[in-house]
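Every number in this text was worked out from the coordinates using simple rules, so none of it is lab data. Worth saying up front: this structure is predicted, and the values here are computed from it rather than measured. A quick note on method: Cβ atoms are made from the backbone with ideal geometry, for glycine too, and the neighbour counts reach across all protein chains shown.
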Amino acid sequence: MAAERTLLREAFMPTRCAALSTGCQNGAGGRLPVVPDCRGGALAVVAALWVGFVLALPSRGEASRTQSEPMADIGRGEFTVLQNGQRSHGETFRLVRAGARLVAAGSLAGTPDGEAEVTLQVDDQFAPLWYELRRGSAVKAVGRRAGDRLLIQTVEEGGQRWKEYLSAEIGAVLEDGVMHHYAILAMALDNAGGAGISVLNPSSQSLTTVTRTGEEPEGITIGTRVLEAYRSDLCLGEVVAGPADTAERVTRSTCLGTRRFLWRDPDGRLLRVVEPDTGREAVRRRAGI
């Protein structure tokens, strides 16, 4: 619980500098300061730290507005994550509504890369406002919307890399291996009304179009309980439209990209995720939360 409170606090007050190393690589961040060689010299160190500070520091109005908004806990969960059918690690998360904003704070324990903490804040259309990925005490990716731009900075062994996007181009966030992000992705797809949306993987700084190609009732067993659920078929990449199905809640298309599968209950709670291409699967540990 202490770790959970820390995550939520950081989601609303993300003021720490993200530039933890002095090396950087020139990304496609057209409007950000460009440092040709960040591997030496006091000026290069100051420039790299300044970029991290800009990304990590919210505006005064943003911070005060978020603190004054009423907070409502709208869900939480615990996943067991499997890799090729074998237990890999655990993942816990909590979703909190603050005014029109939604914050997802999660923790991954026992992964091959060590423990990780993930914080994502989105607007009322589920587009990202703030993002941070930490492994141990090190920030690996951080992002913040500034005006009509979304600024993303990642920290790698070779240094830092940053990139700038038009915020209107990004409909959701899906970090590789962070399974609770599918809960917000599913909400964004509901909001899109059947259209595909552009989804950002912050760590790889890559965009993919995600489309829901089908949805139908399919129950799921958690522990000893059989739960009513709907399976959603997602396509990451190109989709060829198929004939419309007149049955309620069902659409049909052909995926030419990567397929993913989600199960949600009638209240929209995420129960299970399957990634056939990665061999990962996440299943709720208990049905009652």
Discussion item. Order 224-230, 210-216 from most to least packed using the mean count of other Cβ atoms within 10 Å.
Written reply: 210-216, 224-230
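Within a Cβ distance under 9 Å of L234, other residues only, what is the Lys/Arg minus Asp/Glu net charge?
+2
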Worksheet item: With each label point set 7 Å from Cα along the Cα-Cβ vector, what nm distance links E157 and T254?
Response: 4.2
